[in-house]
Each structure stands twice: as C-alpha cells, then as structure tokens.
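Structure first, then comments.
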Amino acid sequence: MEIAILQAISKEARMDQISKTNAPVLENFWMPFTANRQFKAAPRLLAAAEGMYYTDVDGNRVLDGTAGLWCCNAGHGRRKIAQAVERQLATLDYAPTFQMGHPIAFDFAAKLAANAPGGADAKLDRVFFTGSGSESVDTALKIAIAYQRAIGQGTRTRIIGREKGYHGVGFGGISVGGLVNNRRVFPQIPADHMRHTLDIGRNAFSKGLPTHGVELADDLERLVQLHGAETIAAVIVEPMSGSAGVVLPPKGYLERLRATADKYGILLIFDEVITGFGRLGTPFAVDYFGVVPDLVTTAKGLTNGAVPMGAVFASRKVHDGLMVGPDNAIELFHGYTYSGHPVACAAGLATLEIYEEEGLLTRASDLAEYWQDALHSLKGLAHVVDIRNLGLVGAIELAPRDGAAGKRAYDVFVDCFNKGLLIRVTGDIIALSPPLIIEKEQIDTLVSTLGEALKRAA
Ligand code: PLP
C-alpha cells in the first residue's frame, strides 16, 4: 500500500517543484569536497531519483554509475525504505541511547549481528552505531586504543594506516588516511603509513586482484621495527580502497597483514564503508577475502544512503575486553546523539530486507564477469593507462594531460554528465560503482557512453 506522503506528492508534481524556474540560490550552501566557485558557475543539480536513474532539474535522465557516493546499493526511490521511515517518524521520531534504549536499535543490531562480516564463526557481532563513515572510523580507532589500555597495553596509542587510504574526515580518519589533500592543513593523532599497493607498472590491466605486490604487506613489519610494537594499537586498511581510485590488494596481501598484526598484538581494522553490503559480490569484503579483522567499519549501504548512519562491528574479544570494571561504570566514553537513531534503524532494517529479498548482497558476483569484460573493452583507447575491477567496482586510469593533473578525467566527467551518465573522478582516475540492481543493458550503456566521452577527450 502506497503511503500518504508518496501519494500526496506525485512524481510530476515533484518535477514541477524543482523545474528550472525555481532554480535555487546557490551562494549559501558551502559545498563539501567541491570547487565551490567553479561548480556554482555551472551547477549540476539532481532533483529526483528512481531505480538506476537520477533526473536533473531540467528533466534529463542520468544513469547512476556511482550509486550516489558508493551508497545506494539497492538503487533509488525504494518505497519500502520510505514507508519504514515514515512509519518510524510517526511512532518514535527520536529517543536517546545514552543510559536509555528503544527496541528498534536493538533489533537492528541483532539483525546485523546475525549476518555479520565473516559469518557466525568470525564473531564480529557486537555493533556500535554511528552517524557516518567518518564517525565509524573514529569510533573504531578509539575502541582499539581503549581495548589495548584495558588489557594493560596502554602505551599502544599509534595507528598505522596506508598511503592512498581514505578513512573519512574526522581527526582520526585524516591521521590514518593517506590522501595528501585531506591531511596537509590539519593536525593529526599519532599515526604512520604503510606503502600503498597501486603498481600500474607490474599490474596494468590486470583483471580482479593484482598478481604482484604481496610483499608490500611487509611494510607493516618495517613500521613495527621503526616504532616498536608496544606503541602500536591497530592497523587500518580499506580491503579495497575506493576513494583513491579503486586500489586493489594484491593476492595474499590481507592475509599477510593479518599474520603480522597477530604476531605483534596489533588489532586489524577493515574499513568497509564502501565494500560493506554487497559491493564485491559478498556481504562484506571480509567474506570475499576470508580474512577476519578485529573491527569492521561500515556506513553508506547500511541504509542504502537514504538516512545517514554508520556502524562498527567489533569482535567479541575486543568488546568483552572492554566490559570490565564495576557494573555501574560506563565501559567506553564515546557515543553520538544519533547513535542508533530510530529513523536510521528503520531505514536500515528495510534496506536489509530489500538486500535479502532481491539477493543483492551477492548480485555483484553474478555480474562481475560481464562487468569486467565490458570495462576492459575500453583498453586501447587513447590515454587509458590502466583498468581495474573487482565485484561491481571499476576504475579507468588516464594519463594526466601535460601540466594539468586531473583535468582530463574532469572533462570526461562533465561530458558524461551532459550525455546522461554519472561517474566519479579522483585525480585522473574514473571510479565506477553502480547500484547493485544494474542490468546488463545498463552496463552496456554505461560503458559505451563513457567510451564515447573518452574518445572525445582524446
Ligand atoms: N571510509 C571509507 C573507506 C570511505 O570510502 C568513506 C567515504 O567515502 C569514509 C570512510 C567516510 O564516510 P563518510 O563520508 O560517511 O563520513
């Protein structure tokens, strides 16, 4: 049954509301990660979304090649989520979870735990709710440091990240992240960085996981020798780095990191803000790689991007290590006003139902080969120096135009948008991550639109 809010505002009425004649004033919204002055001179404004498509304010359809920002895994405009949100807002709009509770937060945690990363054996089934990926990362780092202290390892306060890593924009996240522009202006917490694993020289155009580079995991050993294991609480990596332009781990790399972390009592954190909820063809990257970390950060696909929310999955070992001291003492001085927000939990529960009903958490694996072949058909186009893929993720790396890093890919991005395709660019890398509901014909459209744009850019 269609609910009132959706009946009251028909699609036509919504499109009327957002037509060009009602163009918004642009100067007040300070846009994130955007060249504000450039954007506002030639804005791209999306007004509606359904399934695989956005509609812009001029009424043009735009194929979503990026699931929004890697988050709308079940596609757009999902009625089940809208209905759950409306129902929850009308029932319990907000209630705190500090020294209080409400059933839906426990229900959502239990549902997530039942399908936690790595399955029942991994025991990553203790769930801490946050409001975003950045908050999940900062939460995981704080849990790691607090855990080490609780087990008598209080000198372990340093975190090891990786070059080209992206872990959001909290002070913890930028400290362990390895994207220079995110770091250079701001102070950071004690951290150091392993080398990244992108090696176009040896691995160019490899399909799936790169064959070369497992030895790069030994960089953790080097940093242990440099700083001393007694100073290191945890190592955090994206099993597959998305924001840096789809940097894949070489075969065996994550296994080796796990072994080194174990050897020195260092916790391993997988940042699955992008890879969580089906992106690689398994529910989590943990399941894809069969490597079990101590903590897993998530967000984005947790609620299909519909309501901001994140979650950290903690192992029972870590969780129980902190459940010490008097029963009436708060075990972890950490939490957010919106941790376990009832409306976000409702959206999350509805999202999980959709994933389950439509088999979306494994759909990327059914499409992976088709996706791989389609993307690699772009090999040979001028300036394409690498193509990478895994699950329903892809990257096309372009040679920078002389003296203008990022300009070639940016031109392709604008061109694609004008031709009805949303892609994402980071530097001269085009990153693709369509909703997991994508059909083969839409993959064909995506790749041919991109291919034509690449030809024009050449
Ligand atoms: N971690 C990873 C791996 C991400 O890709 C992102 C965002 O893209 C984040 C953390 C930060 O998430 P948010 O933007 O929700 O704070």
**Request:** Filter the range 98-136 down to residues that are assigned to a helix (DSSP H, G or I) and of a type in the set (S, T, Y), then give me how many there are.
**Result:** 2
**Residue check, A347 of a type outside the set (S, T, N, Q), within 15 Å of the chain's Cα centre (by Cα) and modelled with pLDDT of 95 or more** = no
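Results for (1) touching a Pro at 6+ places or on another chain (Cβ under 8 Å); (2) buried (at least 18 other Cβ atoms within 10 Å of the Cβ); (3) farther than 24 Å from G59 by Cα, shown as yes or no for each residue.
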| position | (1), (2), (3) |
| --- | --- |
| D386 | no, yes, yes |
| L390 | no, yes, yes |
| P400 | no, no, yes |
| A404 | no, no, yes |
| G420 | no, no, no |
| I423 | no, yes, no |
| D428 | yes, yes, yes |
**Prompt:** Is there any pair with a first residue in the range 160-184 that is under 14 Å from S136 (Cβ atoms) and a second that is within 10 Å of the ligand (Cβ to nearest atom) and assigned to a strand (DSSP E or B) whose Cβ atoms are under 7 Å apart and which are 6 or more apart or on different chains, and what are they?
**Reply:** Y166/S241; H167/I236; H167/D271; V176/I236
**Asked** Can you tell which of F39, F106 is surrounded by 14 or more Cβ atoms within 10 Å (Cβ to Cβ), out of contact with any helix residue (DSSP H, G or I) (no Cβ under 8 Å at 6 or more places or on another chain) and either free of Cβ contacts under 8 Å to residues at least 60 places away in the same chain or among the charged types (D, E, K, R) (or both)?
**Response** F106
**Request:** Return the total of residues in the range 406-458 being within 20 Å of C71 (Cβ to Cβ) and either outside any loop (DSSP other than H, G, I, E, B) or over 25 Å from the mean Cα position of the chain (by Cα) (or both).
**Result:** 15
**Request:** Go over the candidates A244, A217 one by one and state the one that is of a type in the set (A, V, I, L, M, F, W, C) and within 15 Å of the ligand (Cβ to nearest atom).
**Result:** A244
**Item:** Flag if A122 is within 11 Å of the ligand (Cβ to nearest atom) and farther than 21 Å from P32 by Cβ
**Value:** no
**Prompt:** Are any of the residues in the range 72-90 within 16 Å of the ligand (Cβ to nearest atom) and free of Cβ contacts under 8 Å to residues at least 40 places away in the same chain?
**Reply:** no
**Asked** Quick one: what pairs do we get from the range 121-135, first residue β-branched (V, I, T), second within 13 Å of the ligand (Cβ to nearest atom) and at pLDDT 95 or above, C-beta under 7 Å, 6+ apart or different chains?
**Response** V127/A311; T130/S136; T130/T139; T130/G310; T130/A311; T130/V312; T130/Y336
**Fill in**
Checked the range 150-185 for anything away from the ligand (no atom under 15 Å from the Cβ) and touching a helix residue (DSSP H, G or I) at 6+ places or on another chain (Cβ under 6 Å); matches are A150, I151, T155, R156, T157, R158, I160
**Message:** Name the residue that is nearest to A48 (Cα to Cα), counting only residues in the range 304-320 that are within 11 Å of the ligand (Cβ to nearest atom) and surrounded by 24 or more Cβ atoms within 10 Å (Cβ to Cβ).
**Reply:** M309
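Here is a yes/no grid of residues against (1) touching a strand residue (DSSP E or B) at 6+ places or on another chain (Cβ under 8 Å); (2) touching a residue at least 24 places away in the same chain (Cβ under 8 Å); (3) among the basic types (K, R):
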position: L254; (1), (2), (3): yes, yes, no
position: A261; (1), (2), (3): yes, yes, no
position: Y264; (1), (2), (3): yes, yes, no
position: A299; (1), (2), (3): yes, yes, no
position: T303; (1), (2), (3): no, yes, no
position: V307; (1), (2), (3): no, yes, no
position: G310; (1), (2), (3): yes, yes, no
position: L322; (1), (2), (3): no, yes, no
position: G325; (1), (2), (3): no, no, no
**Request:** List the number of the failed condition for L69; all other conditions in (1) part of a loop (DSSP other than H, G, I, E, B); (2) out of contact with any Asp or Glu (no Cβ under 7 Å at 6 or more places or on another chain) hold.
**Result:** (1)
**Request:** Can you tell me which residue among I274, I330 is within 16 Å of the ligand (Cβ to nearest atom), more than 21 Å from A113 (Cβ to Cβ), at pLDDT 95 or above and part of a loop (DSSP other than H, G, I, E, B)?
**Result:** I274
**Request:** Identify all residues within the range 210-224 that are in contact (Cβ under 8 Å) with a residue 40 or more places away in the chain, surrounded by fewer than 20 Cβ atoms within 10 Å (Cβ to Cβ) and not in a helix (DSSP H, G or I); write none if there are none.
**Result:** T211
**Prompt:** For E230, which of the numbered conditions (1) in a loop (DSSP other than H, G, I, E, B); (2) more than 11 Å from the ligand (Cβ to nearest atom) fails to hold?
**Reply:** (1)
**Request:** Restricting attention to the range 159-210, report how many residues are over 21 Å from the mean Cα position of the chain (by Cα), closer than 23 Å to A146 by Cβ and of a type in the set (D, E, K, R).
**Result:** 1
**Message:** Given the criteria part of a loop (DSSP other than H, G, I, E, B) and within 14 Å of the ligand (Cβ to nearest atom), does P283 qualify?
**Reply:** no
**Complete:** Restricted to the range 47-71 and to residues being of a type in the set (A, V, I, L, M) and touching a residue at least 60 places away in the same chain (Cβ under 8 Å), the residue nearest to E358 (Cα to Cα) is M52
**Prompt:** Taking H196 and the conditions (1) in a loop (DSSP other than H, G, I, E, B); (2) touching a Lys or Arg at 6+ places or on another chain (Cβ under 8 Å); (3) within 11 Å of the ligand (Cβ to nearest atom); (4) not basic (K, R), which numbered condition does it fall short on, given that it satisfies the others?
**Reply:** (3)
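The values are calculated or read from the model by the stated rules, or taken from the named source; none is laboratory data. The model shown is predicted, which means the values in this text are computed figures rather than measured ones. Cβ: placed from backbone, ideal geometry, glycine included. Neighbour counts: every protein chain shown.
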